[in-house]
Every structure is written in C-alpha cells, then in structure tokens.
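Since the structure comes first, as structure tokens, the remarks are kept for the end.
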Amino acid sequence: MRISRRIKAMAPSQTVAITDKAKKLRASGVDVVALSLGEPDFDTPQHIKDAAVAAIEAGCGHYTPNAGLPELRQAICDKLRRDNGLEYKPENVIVSSGAKQSLYNALQALLDPGDEVVIPAPYWVTYPELVKLSGGVPVEVLAEDDAGFKMTPQQLDAACTDKTAAVIINSPSNPTGAVYTADELTALGEVCLRRGLTVIADEIYEKIIYDEAHASVAALLPKLKPQVVTVNGISKAYAMTGWRLGYVAGHSDLIKAMSKLQGQITFHPAAVTQHATLAALNGPEDDVVAMREEFRARRDYVVGRLSAMPGFSCLMPGGAFYAFPRISGVFGRKTGAGRALDGSPAVCEAILDEAHVALVPGSAFGAPDYLRLSYAAARQRLETALDRIENWLATLS
Ligand code: PLP
C-alpha cells in the first residue's frame, strides 16, 4: 500500500505502543499492572454526566458553530478570568476535539516550513511529532533532574536562531511533573518578548498541582500576552479523557486561522461533549479537589518507594500524576533472566516481561536516563507494581 513519506517519518506514540503490548500480555492471562498511560483512573463527576444526558434528551445532536457553542466559549473566558487572571473574549477562544487537536491546529496555523520550535526535554511525546507534521523543526533543550527538569532562560536564549518561531512550555509537565514558578515563567517570557517568539503554554495539568500556585505566562507579562497561545482541556482535570475536548485562547487572528483549518477537517467537537464541558467549567470543583488529594497521597507513596530502590533516584514532582525516576544506575547490569540493561527501553521491556509492570522509557520523552511511571492507578495496584519492581531489582547482577 502506498503510504506518504510524511506519515512514514512520524514516530508512533511509544506510550500507546507500550500500553498495547501490556493489553496483549493481559489478554494472554498475565496480570499486568499498566502504569504507562496518562489517564485519571476516576470516573467523570456525576453532575457532568447528568448534564450530558440532559443535553442528549433535549436533542443536542446537531452541528454547533465550528469554534464551539457561544455559551461554552464564554464559559471558557469566565474560567480563564477566574482561575488564571486572563481577560479574553469568545472570539479569542476555539474548542477542538481534545487538547491534542488544539495543539495540532495551533502549530499548523503558526508555522511555515523550516520554522524552529524550542521544546524543553523531557517533553510530552507528541510535541516534536506535531511540530514536524506542521513543517516545523523541533529544537530540544535538555533540562535534567539536577535542574528540577526546568529549562533556564539562558538555555532558551542559547537555543534560539533567526528561524526560531515558538517555544512550548508545559507546566505542570508531562512526563516530569515539574512546575515552573511565576518568577521562572516571567524570566522565560522576557526572552520570548525580546526575541519575538510565540509561546505555546500547555496548561492541561493546571488543576493537578500540589504546592505552588499555578501561574499562566500570559497573565504575568501583559506585553507578551498577544504572543501567547494558552492550551487547556478537560481530560485531566475532570477525568474526561474519552469525551475529547480541548481549547485554545489567544490572538483573534490565530483563532480565525485555526477555525479555518478546523472547519475543513474535524469541525467542532461533539455537541454532547460541549454541553458536558459547560457543566464541568461552571460546576462545583469538589471532585477536582478530591482527585488531586488522592493523587497527592499516591505521589508521596510512589516517590518514597522509588527513591529507596537501589539504582533509582526520584525527584518529588510538583504536579501532574507522573513520577520520573532516574534509572541509569542499573544500566550495564543483567536481569535474572539474562537480559542486558543497556538503556531505558531495555529496562522497561524487562520490567514488563519479567515483572509485569508497564512503564514508559525516558527515551520516548527525550531523556534516556529515566522512565515514567503514571500513578493514576488505584493505591493497591501501585503497591503491587512497586513490590514487583523491587523484587525484580533484587534479581539484577
Ligand atoms: N498536553 C499534555 C501535556 C498531555 O499530557 C496530554 C495528554 O496526555 C494532552 C496535552 C492532550 O490531552 P487531550 O487531547 O486528552 O485533551
């Protein structure tokens, strides 16, 4: 079959690939603990489900405006004012089928061939692929655990050339859970202002943050705000991954360009999802707080256990629901089954095959000395997984 060079050149999502392998193992009867996917294990809050059912009963199953229901775009503006100190009008907002599509549409609308986009590593696996699909060139800047996994303004400045168009800042971060402080974001924003860069601020983990208050870069530097593209969504905050809705707030010219693109491809996200999102954004946040507190307890448990494992070390993440331990201490060793551990893919493969725990190698995120463990799983499953990893480590020679 004929397949385009463009798609052949794309890297498939390693998180999805590992989760698929774990599912296959499970189907063959093996009890696998899958800690590889970035998905809250909670159910969508009841009042959101009720609003969706009511919308279906009221006959919502027709096309909506391309950029989203007017009342939803207004609710997003209200949310941005309330939570983020950002003033936007509905014409500055577009909803899409998941923040993944929001990011894709934004990059398609922003980039010309050869434009460079600075991506701090460890990064979410999808960013470089979306940049490449949009004709851009990803420029990775590695910030490791000794820097709290955060890019410095000096690193950003040094990575810029006359082709640099944009930078992606994801706080709290997938995969590290790192959270940039307001001061750190301001310092990065000043470099962007001086260099005329567009800032893509992916704030999808905003509600899962444990210590710092969340800061939005667009609110910190009013002069930079027209160049900031704020991306957010409902997947993580409200346990609504399957509903598929993300949104972008930014300059009205960009929103118009994104609307033009969206109008020719997916059109708006499902009408019922838009009604559910309205209930999520306008409703009580007790469930959001309860989920965050459960994630906090799991984080403390998981990081405590990982840090005590020989050959591993783990920073305490400030947000999201991932631990990102350094595992290079076991490189060069052999498993009980005789496998050589020559890098993070080999370590994750061995842990899956021999200990039956699915994890994602750091190499997928541009940081080969680490692995990612998602603690969005029941505590008892986390305990089982960590016991298994500990026992597996004891087999190494
Ligand atoms: N941004 C980050 C950093 C993510 O981790 C994810 C999902 O894993 C997304 C965006 C996309 O979320 P969705 O497309 O489910 O809204």
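The values are calculated or read from the model by the stated rules, or taken from the named source; none is laboratory data. Keep in mind the model is a prediction, meaning the values are calculated, not measured. Using ideal geometry, Cβ is built from the backbone for each residue, glycine included, and neighbour counts are taken over all protein chains shown. Side chains are part of the model used for accessible areas, which takes the heavy atoms of the whole protein and leaves out ligands, DNA and RNA. Shrake-Rupley method; radii C 1.70, N 1.55, O 1.52, S 1.80 Å.
Pull up the stretch 300-346, narrow it to residues that are out of contact with any Ser or Thr (no Cβ under 8 Å at 6 or more places or on another chain) and within 16 Å of the ligand (Cβ to nearest atom), then point me to the one that is farthest from Tyr238 (Cα to Cα).
The residue in question is Ala323.
In the stretch 84-99, how many residues are closer than 16 Å to Thr64 by Cβ and of a type in the set (A, V, I, L, M, F, W, C)?
Here the count works out to 3.
Pairs under 8 Å by beta carbon, first residue of a type in the set (Asp, Glu) in the stretch 26-39, partner surrounded by 10 or more Cβ atoms within 10 Å (Cβ to Cβ) and at pLDDT 95 or above, six or more apart or different chains?
Asp31/His356; Glu39/Ser235; Glu39/Thr241; Glu39/Ser374; Glu39/Ala376
If you check Phe312 against the conditions, is it among the aromatic types (Phe, Trp, Tyr), open to solvent by 10 Å² or more (accessible area, probe 1.4 Å), more than 21 Å from Ala34 (Cα to Cα) and touching a residue at least 12 places away in the same chain (Cβ under 8 Å)?
Values: among the aromatic types (Phe, Trp, Tyr): yes; open to solvent by 10 Å² or more (accessible area, probe 1.4 Å): yes; more than 21 Å from Ala34 (Cα to Cα): no; touching a residue at least 12 places away in the same chain (Cβ under 8 Å): yes.
No: the conditions fail for Phe312.
Listed residues Leu142, Leu80, Leu72, Leu107; which is within 27 Å of Gly38 (Cα to Cα), surrounded by fewer than 16 Cβ atoms within 10 Å (Cβ to Cβ) and in contact (Cβ under 8 Å) with a residue 40 or more places away in the chain?
Details: Leu80 fails: surrounded by fewer than 16 Cβ atoms within 10 Å (Cβ to Cβ); Leu72 fails: surrounded by fewer than 16 Cβ atoms within 10 Å (Cβ to Cβ); Leu107 fails: surrounded by fewer than 16 Cβ atoms within 10 Å (Cβ to Cβ).
Leu142 is the lone residue from the list that is within 27 Å of Gly38 (Cα to Cα), surrounded by fewer than 16 Cβ atoms within 10 Å (Cβ to Cβ) and in contact (Cβ under 8 Å) with a residue 40 or more places away in the chain.
Residues that are in the same structural domain as Thr277 (by TED's automatic domain parsing) and within 16 Å of the ligand (Cβ to nearest atom): list the helices (runs of 4 or more DSSP H) wholly contained in the stretch 44-118 that include at least 3 such residues. Spell out the reasoning first.
Numbers: elements: 46-57, 70-84, 99-110.
Filter on the stretch 44-118 gives 70-84, 99-110.
Within 13 Å of the ligand (Cβ to nearest atom), of a type outside the set (D, E, K, R) and part of a loop (DSSP other than H, G, I, E, B) - does that describe any residue in the stretch 124-136?
Yes, there is a match, as at least one residue in the stretch 124-136 is within 13 Å of the ligand (Cβ to nearest atom), of a type outside the set (D, E, K, R) and part of a loop (DSSP other than H, G, I, E, B).
For the stretch 290-298, state whether one or more residues are of a type in the set (A, V, I, L, M, F, W, C) and under 23 Å from Asp387 (Cβ atoms). Spell out the reasoning first.
At the first step, the residues of the stretch 290-298 found to be of a type in the set (A, V, I, L, M, F, W, C) are 290-291, 295, 297.
Pick out the ones that are also under 23 Å from Asp387 (Cβ atoms) and you get 295, 297.
Yes, because at least one residue in the stretch 290-298 is of a type in the set (A, V, I, L, M, F, W, C) and under 23 Å from Asp387 (Cβ atoms).
Please work out which one of (1) touching a residue at least 60 places away in the same chain (Cβ under 8 Å); (2) among the polar types (S, T, N, Q); (3) more than 16 Å from the ligand (Cβ to nearest atom) is the condition Thr273 fails and give its number.
(3)
How many residues does the stretch 341-361 contain that are over 14 Å from Leu396 (Cβ atoms) and among the charged types (D, E, K, R)?
Filtering the stretch 341-361 down to residues over 14 Å from Leu396 (Cβ atoms) leaves 343-345, 348-349, 352-353, 356-361.
From what is left, the residues that are among the charged types (D, E, K, R) are 349, 353.
The number of residues fulfilling the criteria is 2.
If only one of Ser4, Ser28 is open to solvent by less than 70 Å² (accessible area, probe 1.4 Å), over 27 Å from Met240 (Cα atoms) and at pLDDT 90 or above, which one is it? Please lay out each step first, then the result.
Working: Ser28 fails: open to solvent by less than 70 Å² (accessible area, probe 1.4 Å).
From the options Ser4, Ser28, the qualifying one is Ser4.
Could you list, in sequence order, all residues of the stretch 9-31 that are part of a helix (DSSP H, G or I) and among the polar types (S, T, N, Q)?
To start, the set of residues in the stretch 9-31 that are part of a helix (DSSP H, G or I) comprises 14-27.
Once the filter is applied, which keeps residues that are part of a helix (DSSP H, G or I) and among the polar types (S, T, N, Q), the stretch 9-31 yields Gln14, Thr15, Thr19.
Conditions tested, residue by residue: (1) farther than 28 Å from Arg296 by Cβ; (2) touching a residue at least 60 places away in the same chain (Cβ under 8 Å); (3) open to solvent by less than 30 Å² (accessible area, probe 1.4 Å).
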| site | (1), (2), (3) |
| --- | --- |
| Ile168 | no, no, yes |
| Pro172 | no, yes, yes |
| Asp183 | no, no, no |
| Asp202 | no, yes, yes |
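Give the stretch 205-263 a look and list any residue that's closer than 19 Å to Gly319 by Cα, assigned to a loop (DSSP other than H, G, I, E, B), away from the ligand (no atom under 14 Å from the Cβ) and open to solvent by less than 10 Å² (accessible area, probe 1.4 Å), or say none.
Residue satisfying the conditions is Ser216 alone.
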